[in-house]
Each structure stands twice: as C-alpha cells, then as structure tokens.
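Worksheet: the structure to be examined is printed underneath.
Throughout, read-outs are computed from the coordinates displayed, never taken from laboratory work. These numbers come from a predicted model, not from an experiment. Don't worry about glycine lacking a Cβ; one is built from the backbone with ideal geometry, like all the others, and counts go over all protein chains shown.
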Amino acid sequence: MLFVLAATVLQGTVAALLGESGSLGENLWYTLVAFLLAAGLANLRLATTPGTRSVPLREAVPINLLTALVFLSFYVSLAFVPGSVTTGIETALGPLAAWVLTRRKGNLWLALAVLGAGVAFCLVRSASGTTLVDLAVGGALAAVAGVGAAGIATESVRLSGLGHSPSAILASRYHLTYLLAAVGVAWHWAGNGAPTLDWPHLIVLSLVGVVAPLWLLQIGLTRTSPVAAMAIMSTLPVISYVTEVIQGSVQVTWSLLLAAAVVVLAFFANRSASRPTAH
C-alpha cells in the first residue's frame, strides 16, 4: 500500500506542474522521453538480474495497450485542463471501474461516493477559467485514463499470478506508449514546428514523474487489490491541487473541502477493500 501512496504523491505533483505550464507539443515530448527512459531502465535492470524471465509477447500485449491508452490520454489532457481536474476525473472513475472488473461485495457504495466527490471537485475547480471546450476534451481524455487505470491494476495482478516479477512486467509494458508518443510528436512537429525544450528539466521531470512512480506503482499493484489501489490513487487530485495552491495558480476555496472528502472516502474504500471477504 505504501508503494502505491508514494507513487501517487510523485505523479500528482508532476501532473500539476505539467498542467500549469505544458503545451500539447511539450507534453507529447515529455511522454516520449519519459517512457523511453522508463523502458530502457526497466529492461536494463531485467537484463542484469539473474534468474528473471521476461514476459512473453502474447501476455504483454494487453498491458501495453492499457498503458498506452492511460498515459497518452492522461498527458494529452493536461494540455487542456489543470492537473487537478485531470487527476480528479481519472481517479474518481477508478474505484468504480475496478469494482466492475472485480465485483468485490460491499465496495460499490464507496466507489460511487468517491466518484461523486471527485466529480464535484472537478466542477468547482474547473469553474475558475477553464473553457467548456477544453473541459470537454480534457475531461473525456481523463475519463478514458481512469477506466484504463483500473484495467492496468487488474492486469498487473494477473501477470503477477502467472509468476512474472514486477521488474519483468515493467520491462514489457511501455513499448507501445513511447512508439505512439513518437507518432504524436512527429504529427505535432509537422504542423507546428519543434517546441523549445529545456532538456535537463524534461529529463528530471521524466525521472520523478514517470520512472520512479511507475516502478513504485508496479510493485504496489502486485501487492494490493485493484479496488484498494484505485482508492489510494483517488487522492491524486488533492496532491495536484495542493501543488497548484503552493504555486499560487489557484486560491483555496470550496474545492479544498471537496478534495478532502475524496481523501476520506478513499481511505474508507481502501480499508473496506483490504478486508478479507466472507466465503
């Protein structure tokens, strides 16, 4: 559980930074660089770890598709709406999607409560300057990311059950993401020219916002139930929101209370999901 929490803090902070300053082109470049680094480091670790077998291609296809769907949708959405709105929509849908996939008895009302609090938070937060078109595009992309994230949690547990280590799963899951990000970069470059990039800043953000949290998250997902993992990750909008407050880009309003409600509901959802179910 602590691995998932640590990953959530890192991702939420970087999402807020990208949502405030990143353009579509910059976010596509970020996705390309971040997942190339993640794939390279994960495969290097796999190659230097004795006795660790790689995930066969056929078994790796589903998690590659889900990873690309989630992270491309997520980072592109940050070009349209603030990071706290993107993370709010994504993680509000997570527990409900996980419940649909796992059907754990007793968690539905908590999943719906997290969803309701998350949607309310996003509506209040987005009222301060986001256009309806940007909210619709960014919100739809974030919703896709939220549903796909529950699928990643379930697929990680499945691969772990087949005997694959977190290192092997990490090494196999990023390839489609950076390939599609490269296509997006080429498309955007052709129409808009190359953006001016701060490469040291980009690499640091990639390591802190993708490589480290996804390594922590992969370990956490193999040790935590999908509903519990998504409940913990429901605190993402709070972390992004606090980062935006610290930056001075948003004032503390009613959305802070709604963000706190998401944290409380996520905590109880996590406790409920962690209890053994009666047979």
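The table below lists the values:
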quantity: Chymotrypsin sites (Phe, Trp or Tyr not before Pro) lying in DSSP loop within segment 140-194, provided at most 16 other Cβ fall within 10 Å; calculated: none
quantity: 10 Å binning of all Cα-Cα separations within segment 164-248, expressed as whole percents from 0 upward; calculated: 13, 30, 36, 19, 2
quantity: Residues Arg58, Arg45, Arg173, sorted so that the one with the fewest Cβ neighbours within 10 Å comes first; calculated: Arg58, Arg45, Arg173
quantity: Modelled FRET efficiency - R0 30 Å, Leu41 with Leu132, Cβ distances, 0.05 increments; calculated: 0.15
